[in-house]
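Comments concern the structure below.
The values are calculated or read from the model by the stated rules, or taken from the named source; none is laboratory data. All values reported here derive from a predicted model rather than from experimental measurement. Methodologically, a virtual Cβ is constructed for each residue, glycine included, from the backbone with ideal geometry; neighbour enumeration extends over all protein chains shown. Just so you know, the surface numbers come from the protein's heavy atoms only, side chains and all, with ligands and any DNA or RNA stripped out. Shrake-Rupley method; radii C 1.70, N 1.55, O 1.52, S 1.80 Å.
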Amino acid sequence: MILRTWRTTLAPGTEDVYDAFARTRSRRMFQDAPGCDGFVFAVGDGLDREVVTFWRDAAALATFEASDHYRATVEALVATGCLAAVGDVTVRRVETAADHWWRTPPAPASRPARLEDAEQLMDVERSAMTAALPHVFPPDEYPYPSAAVLARWRHELAEPAVDVRVVDDPDGLRRLVAFVAWRGERVLHLGVRPEHWRTGLGTTLLAEATATAQRPALWVLAENHRARQVYEHRGWRPTGRTQRAEFPPYPTEIELELVRG
């Protein structure tokens, strides 16, 4: 983005004339100028004034400064007798929230899971569950059932009716960082490595899994407060159905359904 600053000093006693001109004619000029993304009329000490304008790029500013509209407006302002001096202009490139480097980077693209991803899927699930649910599965009493979960993943990866999407580590490490699995309209599993929480990965994958579903549903542990907060913030609501979880100590799961609209 290009920032253009024009500074001037007013002739004594002309403040009201200048300010009225800025509010009306100058404002309309900037509003009508292609590529002008904003403007500020600043009042300095005493008779000092500044006009700061923001431009999409240098080409847009050059087009503006060469326009008949701009030249006519400057001539009209000079004719009012407000200016003790023509003033000076500075132009510089600035970075703002609108510029690409400030934006949140897009979530890494997902891909279909392969049979050889089974161990990595188990590892992502284990890291997420260990970090989020020690109050539900105390590790000293209930070690993570790695073998059983790995067997389940191998079975589901081989099942044609189950879709599994995964995200590879964006840093180039040879590992997965997130996954989602679903069968029809039911989301079966969703997991993100703890170091990638709050990056939007889970939300993106969940949206991918439910994009065409009319009434998507899933099971979540009743005591998984973090996950429930995320789901419910995005419109998922309890259906009233419950069941026991797959592994000891068999905590209660509740069913959530996405309420669209």
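Quick notes
- Any hit, the range 208-226, residues being among the basic types (Lys, Arg), in contact with a Phe, Trp or Tyr (Cβ under 7 Å, 6 or more places away or on another chain) and open to solvent by 30 Å² or more (accessible area, probe 1.4 Å): no
- Residue in the range 184-196 that is open to solvent by less than 60 Å² (accessible area, probe 1.4 Å), within 24 Å of Pro108 (Cβ to Cβ) and part of a loop (DSSP other than H, G, I, E, B) present: yes
- Inter-residue pairs, beta-carbon under 8 Å, first open to solvent by 60 Å² or more (accessible area, probe 1.4 Å) and in the range 150-165, second assigned to a helix (DSSP H, G or I) and of a type in the set (A, V, I, L, M), 6+ apart: Arg154/Leu115; Arg154/Ala118; Ala158/Leu115; Asp163/Ala209
- Search result, residues across the range 197-228 that are closer than 12 Å to Val180 by Cα and in a loop (DSSP other than H, G, I, E, B): Thr210
- Residues in the range 79-88 that are open to solvent by 60 Å² or more (accessible area, probe 1.4 Å) and at pLDDT 90 or above: Ala79 only.
- Qualifying position, being part of a strand (DSSP E or B) and either in contact with a Cys (Cβ under 8 Å, 6 or more places away or on another chain) or more than 20 Å from Glu257 (Cβ to Cβ) (or both), among Ala118, Ala178, Ala151: Ala178
- Every residue from the range 49-73 that is more than 19 Å from Gly87 (Cβ to Cβ) and either assigned to a strand (DSSP E or B) or not aliphatic (A, V, I, L, M) (or both): Arg56, Asp57, Thr63, Asp68
- Test: residue in the range 235-253 that is in contact (Cβ under 8 Å) with a residue 24 or more places away in the chain, open to solvent by 90 Å² or more (accessible area, probe 1.4 Å) and under 25 Å from the mean Cα position of the chain (by Cα): no
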